[in-house]
Amino acid sequence: MAKVCKTKPAADGFDMPGEHEPHAEIWMAWPERSDNWRDGAKPAQGCFVEVARAIAEVTPVTMAVSAAQYENARGRLPENIRVVEMSTNDSWMRDIGPTYVTNGQGERRGIQWDFNAWGGLVDGLYFPWDKDDQVAGKICEILRDDSYKAGIILEGGAIHTDGDGTLFTNEECLLHPSRNANMSQDEIEQVLKDNLGVEKVLWLPEGLFNDETNGHIDNLMHVVKPGEVILSWTEDTRDPQYEISQRAFAFLSNATDAKDRTLKIHKIHIPGPLYLTEREAAGIDMSDGMEREAGQRLAGSYANFLITNGRIIMPLLDPKWDDPARQVLQAAFPEHEIVGVAAREILLGGGNIHCITQQVPAV
Ligand code: KQY
């Protein structure tokens, strides 16, 4: 029986492994809401199938699907992908799935964060979000894994760890008044340490330009391994992203991690800039939370990739910048196979491949 522990992970000897460490499986959730995904989510569904297929060649994949979409998803997905019926409000598994911690003795446990659709009633993207909020607990039940309730509003895309004591996050997101307005930065940091078993939290100032999650760290940067990161970059001084990347670079260049290492930083140029087209905007239902207007700048980033069991699943977003991005990734991950998936349809929903996947570590 899976139980919800009343203790804290770090005190129990658990911490969060890095994404570069081995995975037992990856979870995803099937897209269908028509105020986020254009044309009834059909193009996005095709894209999710390709991401799942690329992952499933190296790591087992489970897709959570609503009852209404079960038959469609089962029919479109390859047989080696497990499809389970589960209610969600949308399909950002990184943010609604459990964040796993392990104890080095063959045990893993899930952390259930509180989820409020990236800002609740202040600036959240949809209401209600109750089904998304239940997903982490349901996955732990299905996998018969014990879990913890951290008691803080946080999404998985707002944190990156190196698995060696360091956590990367940013002030724009975690200190945003729409998350945990009653908590100080020190209190939030303590919750991160207690739950993720990290010793040092590196607080970058902000996330990628115009990111509707209040600047998730997983859209700005990624961790290669302890002591090495990938950072979204542009040389275009007229782009608002320029100053953001400069500040992040200055911060990371002057930082030391939990083991007192300075960081090697791989710069990866952003695609575009990319904008929502008239045709794309016309295919998205209007709603209160999400702004989807033609001409809007999209938060495109090559840092939003998944590392899984020797493979990098990277988004393909722009013929001009896809190859340079692939080269940066291959140089940073010389032993990994880099697999690109056309991912504009995921970007139209506000995130990318890292945001739609959540790993369960191997123990
Ligand atoms: O960046 C992520 N981890 C999720 C993006 C959510 C966008 C919702 N429309």
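The values are calculated or read from the model by the stated rules, or taken from the named source; none is laboratory data. Please read all numbers here as calculations on a predicted model, not as lab measurements. Glycine gets a Cβ as well: all are built from the backbone with ideal geometry, and neighbour counts include every protein chain shown. Surface areas here come from the heavy atoms of the whole protein model, side chains and all, with no ligands, DNA or RNA. Shrake-Rupley method; radii C 1.70, N 1.55, O 1.52, S 1.80 Å.
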Probe of 1.4 angstrom, ligands and nucleic acids ignored: what's the accessible area per residue over the chain, in square angstrom?
39
For the stretch 54-125, would you read off the P(r) tail past 20 Å as a percentage of all alpha carbon pairs?
49
Compute, for the chain, the length of the dipole vector about the Cα centre, with Cβ point charges of +1 (Lys, Arg) and -1 (Asp, Glu) only. Units Debye, rounded to 20.
620
Amide H partners (placed H, <5 Å) of GLY340, local residues excluded:
MET314
Which far-off residues, 5 or more places away or on another chain, put their amide H under 5 Å from the one on LYS264, with H placed in the peptide plane?
GLU228, VAL229
Any idea how far apart ASP285 and ALA24 come out in nm if each label point goes 7 Å out from Cα toward Cβ?
3.7
Please identify every one of the GluC sites (Glu not before Pro) in the stretch 206-278 that sits in a loop by DSSP and has no more than 10 other beta carbons within 10 Å of its own beta carbon.
GLU235
Once the mean 1/r over all distinct Cα pairs of the chain is inverted, what Kirkwood radius in angstroms do you read off?
20.2
Karplus-derived HN-Hα couplings along the stretch 101-112 (A = 6.51, B = -1.76, C = 1.60, θ = phi - 60°), whole Hz, x at Gly and Pro
10, 10, 10, x, 10, x, 10, 9, 9, x, 10, 9
Normalised per residue, the volume of the convex hull around the Cα set of the stretch 257-363 (Å³)
155
Quick one: work out Rg over Rh on the C-alpha atoms of the stretch 114-250, Rh as Kirkwood radius.
0.98
Please turn the phi angles of the stretch 351-363 into ³J(HN,Hα) values with the Karplus equation 6.51 cos²θ - 1.76 cosθ + 1.60 (θ = phi - 60°), one per residue in order, whole Hz, x for glycine and proline.
x, 8, 4, 5, 5, 9, 10, 9, 8, 10, x, 6, 10
Pull up all non-local amide H partners of LEU204: gap of 5 or more, or a different chain, and H-to-H distance under 5 Å with H placed in the peptide plane.
THR169, ASN170, GLU171
Where does each of ILE55, ILE265 land when they are ordered by accessible area, with a 1.4 Å probe and the largest first?
ILE265, ILE55
So what is the calculated 222 nm ellipticity per residue for the chain, using -39500 (n - 2.57) for each DSSP H run with n of 4 or more, over all residues, to the nearest 500 deg cm²/dmol?
-7500 deg cm²/dmol
Can you compute 3J(HN,Hα) from phi for each residue in the stretch 117-128, using the Karplus curve 6.51 cos²θ - 1.76 cosθ + 1.60 with θ = phi - 60°, rounded to whole Hz and x for Gly and Pro?
6, 6, x, x, 7, 6, 8, x, 9, 7, 9, x
Contour excess over end-to-end distance, with Cα ends at GLU107 and ARG261 and 0.36 nm allotted per residue:
52.6 nm
Solvent-accessible area, 1.4 Å probe, carbon plus sulfur percent, for the chain
48
Enter the Cα centre distance for the pair the stretch 7-77 and the stretch 119-137, rounded to the nearest angstrom.
18
Here is the link list: LYS149/LYS193; LYS6/LYS193; LYS3/LYS149; LYS138/LYS225. Which ones come out longer than 19 Å on Cα distance?
LYS138/LYS225
What is the ratio of the Cα radius of gyration of the stretch 1-131 to 2.2 N^0.38 Å, with N the residue count, to two decimals?
1.17
